[in-house]
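Remarks on the structure that follows.
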Amino acid sequence: MKLVTYKTEDREHLGIFVNGHIYNLNDCNHAIPDNMIAFLEGGDDVMDRARQIEADIKSGKLQARKELFFELLAPVPRPTSCRDGYAFRQHVFTARRNRGVPMIPEFDQYPIFYFTNHNAIQGPGAIECMPDHFRKLDFELEAAIVIGKKGRNIKASEADQYIAGYMIMNDMSARVLQMEEMLLNLGPAKGKDFSTVIGPWLVTPDELEPYRVPTKEGHVGAQYNLNMKCWVNGIQVSEGNVADMDWTFAEIVERCAYGADILPGDVIGSGTVGTGCFLELNGTGKLENPDYKEQWLQNGDIVEMEITGLGRLSNTITAVETDFSIINMKKTASVQA
């Protein structure tokens with residue numbers, strides 16, 4: 001199934017995307033909540049009701065009303081939390097090589113993640129950026145999962161059953177803010193907390209079974225052959241594959257749930273695929289050619305991402321009209337003897 005959150009007349013709804021149309025699930029069956037978090041909290045029973053509606057629409061048994069005028073939102077507009085992983089070795093290795101530092105051996109020992117701002121989640125449409133964000137503004141091409149049931153201390157071998165579905169994620173990044181604050185070994189924070197884009201819909205795992213491939217040796221969990229691409233203003237800038245994840249989502253979930261609850265509605269990103277951001281692409285370009293011209297996102301740019309089976313996600317970079325800058329508020333440095 002493809003589950004969506006959308007808005008009509010300033011009211012949010014939960015829908016299902018079938019044959020190019022959106023149908024309101026609550027209209028089709030009043031036992032289904034009209035809200036994604038409540039839907040996920042309903043567990044397998046509610047999910048099965050939605051599957052039956054999808055089957056009945058496809059077969060023609062159910063003549064449901066199609067939504068004609070709507071705004072597509074993030075599938076989970078207000079996640080219970082949002083974490084982002086670091087699962088692609090190619091990206092980590094290349095980014096570190098471009099900075100002149102060796103690959104960190106701990107990458108191969110355990111998956112890691114950070115918490116980002118779950119209140120900055122958005123779907124397709126405008127990404128509003130402050131002046132400081134435009135100091136090396138970047139996209140990050142990722143996949144993401146949504147947790148479907150509560151769990152704690154989950155083994156990787158069991159973790160896939162906690163995944164309600166998959167989405168595209170664009171972990172927007174303001175690189176100057178990110179680099180400055182991380183000199184203090186804490187973060188990322190302000191470089192990341194203004195926008196994280198997910199969508200266009202939540203795809204349940206059963207739809208991805210045709211793309212299932214063997215998991216890498218020494219690892220546990222489902223792995224899928226899903227091509228990943230990103231375009232900026234119609235020009236392709238990135239390509240990778242979800243199958244290149246060196247840590248599976250199941251292994252990342254195991255790490256997240258160690259000594260802590262994961263909840264229905266938690267969003268967990270994969271981390272950036274190799275070639276999946278300008279930071280990496282610019283670094284490689286300059287390493288190979290000192291005259292390489294860096295590229296960063298600008299006001300008005302259109303960023304489009306596509307992952308096999310997960311759809312296409314489109315956003316427009318939009319500048320907020322203000323001169324407010326936290327970078328300009330930095331205090332004068334002083335050195336204590």
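The residues of the range 84-126 that are of a type in the set (Asp, Glu) and surrounded by fewer than 18 Cβ atoms within 10 Å (Cβ to Cβ), listed by number, are Glu106, Asp108.
Scan the range 273-281 and give yes if some residue there is closer than 26 Å to Tyr114 by Cβ, hydroxyl-bearing (Ser, Thr, Tyr) and in the same structural domain as Asn225 (by TED's automatic domain parsing), otherwise no. Give the steps one after another, and end with the answer.
Just the residues of the range 273-281 that are closer than 26 Å to Tyr114 by Cβ, to begin with: 273-281.
Those left that are additionally hydroxyl-bearing (Ser, Thr, Tyr): 275.
Next, from what is left, pick out any that are in the same structural domain as Asn225 (by TED's automatic domain parsing): 275.
Yes: the range 273-281 contains one or more residues that are closer than 26 Å to Tyr114 by Cβ, hydroxyl-bearing (Ser, Thr, Tyr) and in the same structural domain as Asn225 (by TED's automatic domain parsing).
Looking for something assigned to a strand (DSSP E or B) and within 21 Å of Pro131 (Cβ to Cβ) - is there at least one such residue anywhere in the range 176-186? Looking through the range 176-186, none of the residues is assigned to a strand (DSSP E or B) and within 21 Å of Pro131 (Cβ to Cβ). If you go through the range 135-161 and keep only what is in contact with a helix residue (DSSP H, G or I) (Cβ under 9 Å, 6 or more places away or on another chain), among the hydrophobic types (A, V, I, L, M, F, W, C) and over 14 Å from Phe249 (Cα atoms), you end up with Leu137, Phe139.
When Thr248 is tested against (1) farther than 15 Å from Gly85 by Cα; (2) in contact with an Asp or Glu (Cβ under 9 Å, 6 or more places away or on another chain); (3) hydroxyl-bearing (Ser, Thr, Tyr), only condition (1) is not met. Residues in the range 293-325 that are under 27 Å from Arg99 (Cα atoms) and touching a Leu at 6+ places or on another chain (Cβ under 8 Å) were compared, and the one that is surrounded by the fewest Cβ atoms within 10 Å (Cβ to Cβ) is Gln298.
Surrounded by 19 or more Cβ atoms within 10 Å (Cβ to Cβ) and farther than 14 Å from Ala144 by Cα, is that true of Glu181?
Working: surrounded by 19 or more Cβ atoms within 10 Å (Cβ to Cβ): no; farther than 14 Å from Ala144 by Cα: yes.
So Glu181 fails the test.
Can you tell me which residue within the range 212-237, out of those that are among the polar types (S, T, N, Q) and not in a strand (DSSP E or B), is nearest to the chain's Cα centre (by Cα)? By that ranking, first place goes to Asn225. Selection within the range 225-261: residues that are touching a residue at least 40 places away in the same chain (Cβ under 8 Å), surrounded by fewer than 18 Cβ atoms within 10 Å (Cβ to Cβ) and of a type outside the set (S, T, N, Q). The member of this set that is nearest to Ile198 (Cα to Cα) is Trp231.
Figure legend. Inter-residue proximity from the range 24-48: first residues more than 21 Å from Gly123 (Cα to Cα) and without any contact (Cβ under 8 Å) to a residue 24 or more places away in the chain, second residues aliphatic (A, V, I, L, M) and in a loop (DSSP other than H, G, I, E, B), beta-carbon distance below 8 Å, spacing 6+ or different chains. Indicated pairs: Asn26/Ile32; Gly42/Ile32; Val46/Ala31; Val46/Ile32.
Select, from Pro200, Pro188, Pro210, Pro214, the only residue that is in contact with a strand residue (DSSP E or B) (Cβ under 6 Å, 6 or more places away or on another chain) and assigned by TED's automatic domain parsing to the domain that holds Gln109.
Working: Pro188 fails: in contact with a strand residue (DSSP E or B) (Cβ under 6 Å, 6 or more places away or on another chain); Pro210 fails: in contact with a strand residue (DSSP E or B) (Cβ under 6 Å, 6 or more places away or on another chain); Pro214 fails: in contact with a strand residue (DSSP E or B) (Cβ under 6 Å, 6 or more places away or on another chain).
Going through Pro200, Pro188, Pro210, Pro214 in turn, just one is in contact with a strand residue (DSSP E or B) (Cβ under 6 Å, 6 or more places away or on another chain) and assigned by TED's automatic domain parsing to the domain that holds Gln109: Pro200.
Within the range 136-185, restricting attention to residues that are under 11 Å from the mean Cα position of the chain (by Cα) and charged (D, E, K, R), the residue that is farthest from Asp84 (Cα to Cα) is Glu140. Among the residues of the range 125-155, those that are of a type in the set (D, E, K, R) and either closer than 23 Å to Gly274 by Cα or not assigned by TED's automatic domain parsing to the domain that holds Lys192 (or both) comprise Arg135, Lys136, Asp138, Glu140, Glu142. Residues that are crowded, with 16+ Cβ neighbours inside 10 Å, in contact with a strand residue (DSSP E or B) (Cβ under 7 Å, 6 or more places away or on another chain), closer than 20 Å to Thr5 by Cβ and small (Gly, Ala, Ser) do occur in the range 37-57. From the list Pro290, Pro264, the one residue that fits, being part of a loop (DSSP other than H, G, I, E, B) and surrounded by fewer than 19 Cβ atoms within 10 Å (Cβ to Cβ), is Pro290.
The values are calculated or read from the model by the stated rules, or taken from the named source; none is laboratory data. Because the structure is predicted, anything quoted here is derived from the model rather than measured. We place every Cβ from the backbone using ideal geometry, glycine too, and count neighbours over all the protein chains shown.
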